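Reviewing the structure listed below.
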Ligand code: SF4
């Protein structure tokens, strides 16, 4: 008899995402689906608006990484203006992107995920959250809060607002960096660096054993991210590189021509589309983006501390890692890299120049903006009329790229914990953890920040509920 | 003193209002000592406790069948409902889809040629409502907090007033949209 197990992360009626596990007649896992249950329709209602409002409007796709959308949108508009933005505007945009990487990764690690593995996968769900972390590990929680606050405050000082700053504009940015704000960031950097180094040390002492990091499954895939021309880690521009599970380069492509290598499929059971690497077809063309995707795709970091961490990580993992849990590890290494690059940018006197914006009209009818958001490659593609009115747009958001991989992760984890129809309690938090490791910014694709309360229903072939596991 | 029971929810929004709540930074540590944070996207608790909560903060507009069901449950289970941010207060950006037919919208986003296989998401996922509504169109709301998102300081001011059993007073720039 075939059975289905429904896991509703945000419960049946509350969900922006839920999970179904399909068992075969022997009670073993046949398949699993991650359903994303929210849709807002930006690709529709942005049509007919002007390109000038796109950075501000698309920022509202996501309050966790608004800077990503503001930057990808401004870059798509730069291409429509057909201008090269001033050097300082470029440096400032990089600086804000790094500040966001710090705050967003800190949110994912300290506020959303660390309670699982620092308080314990099986500890009381009522306290397994950031408030519980504050109670159990006040020093660490305070440091994490201050690290995120540093990133948010840097965004505020650059753009005038922590969330949805109206700052990057077609042609550059609209506010220069003052010496005072530059000094503030420079002064706060050492504390941020110390926090992340301590956190990395703590993480490695707790999970240095790679066996422990197998908890959320391990499977091969392609990895994608922007890299510099020389193969170094990159977040704002460069070439779009795809590598295989061993780190061999499969393709390097001009990001503006993404549509030649990335296509999207859809399924009736989710609002989130499935991008795939077109030459390998759907669904074989599964690839992963985000922290692990980027550090697997690049050859090296250009900054010394992050490079030393990468070498250690690769030595331990025997090259590239396919472990889902290693997203957390990669995230910490990237925070360190971001802090190192922020220090370089702030030390560069060009950063406070007032030449920050190129003015131009509509000189091209199409523009693509691609950069690396905290969760992976983000693509904004606009078509406009001669007055800059949007005629059509295509958005491929970071979390979308990982859709096939997240579905694969829950299937792998379900296979580890469900045998012969026996469902162990441990499956709840592990499956949830598998999704959470990808830090899906479902706000971007749709919704849902982080923690997803679970409910598992085992349903027989007649559709009757045999048993329910939940954790409320 | 018994801790005040607080729930938070989000419907159709961008999570920015929840992020702005976290932007109170270290004040969060003091707040954690005074509130009992119940069902929220930030915790593992999924349902309202049987006997309800004191305050529920809601981000986002009502856009699908799940939201509609949940917003009514929230009203039943909460003494005070706060509409947090412009999406909850006015509909804001999510309401820009009003005027588009939702089935045509799904066809345009998921049908061929937008995707290679053209499958339309009509199974399992909750159905979109024909019209996106601000909270007050659906349930009575006790307090409205403006902003996209409301600044962290404003959120802290409202929460601290409610914790002290006072009526938050919003004046001047507290009433700014956007
Ligand atoms: S009000 Fe603004 S910040 Fe809040 S959910 Fe809506 S779009 Fe996001």
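The values are calculated or read from the model by the stated rules, or taken from the named source; none is laboratory data. Just so you know, these numbers come straight off a predicted model, no measurement behind them. When we count neighbours, we look across all protein chains shown, and the Cβ atoms used for this are built from the backbone with ideal geometry, even at glycine.
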Response to the item:
Of (1) within 22 Å of residue A:347 (Cα to Cα); (2) in contact (Cβ under 8 Å) with a residue 60 or more places away in the chain, residue A:153 satisfies every one except (2)
Fill in: segment B:116-141 - residue that is at pLDDT below 90 and crowded, with 20+ Cβ neighbours inside 10 Å and, of those, nearest to the ligand (Cβ to nearest atom)
B:126
Worksheet item: In this structure, is residue B:75 loosely packed, with under 15 Cβ neighbours inside 10 Å and either more than 14 Å from every other protein chain (Cβ to nearest Cβ) or farther than 22 Å from residue A:164 by Cα (or both)?
Response: no
Worksheet item: Counting only residues that are part of a strand (DSSP E or B) and surrounded by fewer than 23 Cβ atoms within 10 Å (Cβ to Cβ), which one in segment A:1-31 is modelled with the lowest pLDDT?
Response: A:6
Item to complete: Mind listing just one residue for me: the one in segment A:49-63 that is outside any helix (DSSP H, G or I) and at pLDDT 95 or above and, of those, farthest from the other protein chains (Cβ to nearest Cβ)?
Response: A:50
Worksheet entry | Residues that are farther than 21 Å from residue A:75 by Cα and in contact with a helix residue (DSSP H, G or I) (Cβ under 9 Å, 6 or more places away or on another chain), drawn from segment A:237-264 | A:242, A:243, A:245, A:247, A:249, A:250, A:251, A:263, A:264
Discussion item. Tell me whether segment A:64-84 contains one or more residues that are assigned by TED's automatic domain parsing to the domain that holds residue A:353, within 27 Å of residue B:22 (Cα to Cα) and assigned to a loop (DSSP other than H, G, I, E, B).
Written reply: yes
Worksheet item: What about residue B:58, is it within 16 Å of the ligand (Cβ to nearest atom), in a loop (DSSP other than H, G, I, E, B), farther than 22 Å from residue A:116 by Cα and at pLDDT 90 or above?
Response: no
Worksheet item: Of everything in segment B:6-40 that's more than 9 Å from chain A (Cβ to nearest Cβ) and within 16 Å of the ligand (Cβ to nearest atom), which residue is nearest to the chain's Cα centre (by Cα)?
Response: B:8
Worksheet item: Going through segment A:85-125 one residue at a time, which ones are assigned to a loop (DSSP other than H, G, I, E, B) and away from chain B (no Cβ under 14 Å)?
Response: A:85, A:86
Worksheet item: assigned to a loop (DSSP other than H, G, I, E, B), away from the ligand (no atom under 16 Å from the Cβ) and either modelled with pLDDT of 95 or more or more than 9 Å from chain A (Cβ to nearest Cβ) (or both): does that describe residue B:50?
Response: yes
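Among residues belonging to segment A:128-148 that are without any contact (Cβ under 8 Å) to a residue 12 or more places away in the chain and at the interface with chain B (Cβ under 9 Å from one of its Cβ atoms), point out the one that is surrounded by the fewest Cβ atoms within 10 Å (Cβ to Cβ).
A:138
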Worksheet, complete the sentence: Counting only residues that are touching a strand residue (DSSP E or B) at 6+ places or on another chain (Cβ under 6 Å), at the interface with another protein chain (Cβ under 10 Å from one of its Cβ atoms) and assigned to a loop (DSSP other than H, G, I, E, B), segment A:257-282 contains a total of 6
Worksheet item: residue A:347: surrounded by fewer than 18 Cβ atoms within 10 Å (Cβ to Cβ) and in the same structural domain as residue A:241 (by TED's automatic domain parsing), yes or no?
Response: yes
Response to the item:
The residue from B:95, B:88 that alone is modelled with pLDDT of 95 or more, within 12 Å of chain A (Cβ to nearest Cβ) and in contact with a strand residue (DSSP E or B) (Cβ under 6 Å, 6 or more places away or on another chain) is B:95
Worksheet item: Looking only at segment B:98-117, which residues are more than 7 Å from chain A (Cβ to nearest Cβ) and within 17 Å of residue A:394 (Cα to Cα)?
Response: B:104, B:106, B:107, B:111, B:112, B:113, B:114
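Is it true that residue A:163 is within 14 Å of chain B (Cβ to nearest Cβ), in contact (Cβ under 8 Å) with a residue 24 or more places away in the chain and either under 30 Å from residue A:287 (Cα atoms) or in a loop (DSSP other than H, G, I, E, B) (or both)?
Judged against the criteria, residue A:163 is a match.
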Fill in: Subset of segment B:82-111 that is surrounded by 19 or more Cβ atoms within 10 Å (Cβ to Cβ) and away from the ligand (no atom under 16 Å from the Cβ) - its residue that is farthest from residue A:269 (Cα to Cα)
B:102
